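Every read-out reported here was derived from the displayed coordinates using simple, explicitly stated rules and does not represent laboratory data. Not measured: the values here are computed from a predicted model. Virtual Cβ from ideal backbone geometry, glycine too; neighbours counted across all protein chains shown.
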Amino acid sequence: MNGPRTQGEPTPSPCPVTHPASQQARTTGEVARNSGESKTIDLGGEPVNVETPRPPVGVRAAGRRLWLSVTDVYVLEEHELAVLREAVRTVDYLDALDRRVRVDGPIVSSPQGDRAHPAAVEARQQRIALARLLAALRLPAGEVEQRPQRRVGVRGTYGITGAVS
C-alpha cells in the first residue's frame, strides 16, 4: 500500500541488519533461545537489537531445532526466512517419512512383488529438495567470514538432448 499509514496500522519495524556474512555481523551476549525475544548483534562495534523470528506454526522437534540453530546465529531477511520455513517443513516431513519406513520396513510387498517402500522413495526426493533449500540460504560453513559464492541463477533440470521441440 502506497501513501501515508492510517491510525492503528502497524508500523513496520525496519531491520538494518542483513545476513551476517554479508556484513560480518556476529551474535554477542546472551542469545535468546525462546523465539520472539530480542538478541543483540555486533555490527563492527555497533550493537543492534533485533527480534528473533518465531518458528512456523505446527513445527515439530526436528524442524524447531533447525529453525533455532539458524535464527539464533543469523539475522535473515524476509525472503531468506521464507526459504528457511520451507526447509523446516521439509525436515519435519522427512522425520515423519523416516518413522513410517522404520515401522513398515524398507521393502514392502505389492501385487507386482517386493519393492522399495514409497515413503523411502519420497524421502530421497525430499532430501534433494532440502539440500537445495539449505544451499539457497547460502549460510557459511564453520568459521567462514564471508558468504559462499553466489550462483547467478537457479540450476534447472537438464533438457533431453536430441528431442524434438
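Between rounded, prolate and oblate, where does the range 40-138 land on the alpha carbon gyration tensor, with a ≥ b ≥ c its root eigenvalues, rounded for a/c under 1.5, else prolate if a/b exceeds b/c?
Numbers: a/c = 4.18, a/b = 2.99, b/c = 1.40.
Prolate, because a/c is 1.5 or more and a/b exceeds b/c.
Net charge near Trp67, counting Lys/Arg +1 and Asp/Glu -1 over other residues with Cβ under 11 Å of its Cβ?
On the way: positive: Arg54, Arg60, Arg64, Arg65, Arg85, Arg89; negative: Asp72, Asp92.
Local charge sum for Trp67: +4.
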- Task: Please compute the net charge surrounding Pro56, taking Lys and Arg as +1 and Asp and Glu as -1 over other residues with Cβ under 13 Å from its Cβ.
- Result: +3
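Highest first, please rank the peptides 59-66, 107-114, 44-51 by the mean number of other Cβ atoms sitting within 10 Å of their residues. Don't skip to the answer; put the middle values down first.
Working: 59-66: 16.8, 107-114: 8.2, 44-51: 10.9.
Averaged packing, sorted descending, gives the order 59-66, 44-51, 107-114.
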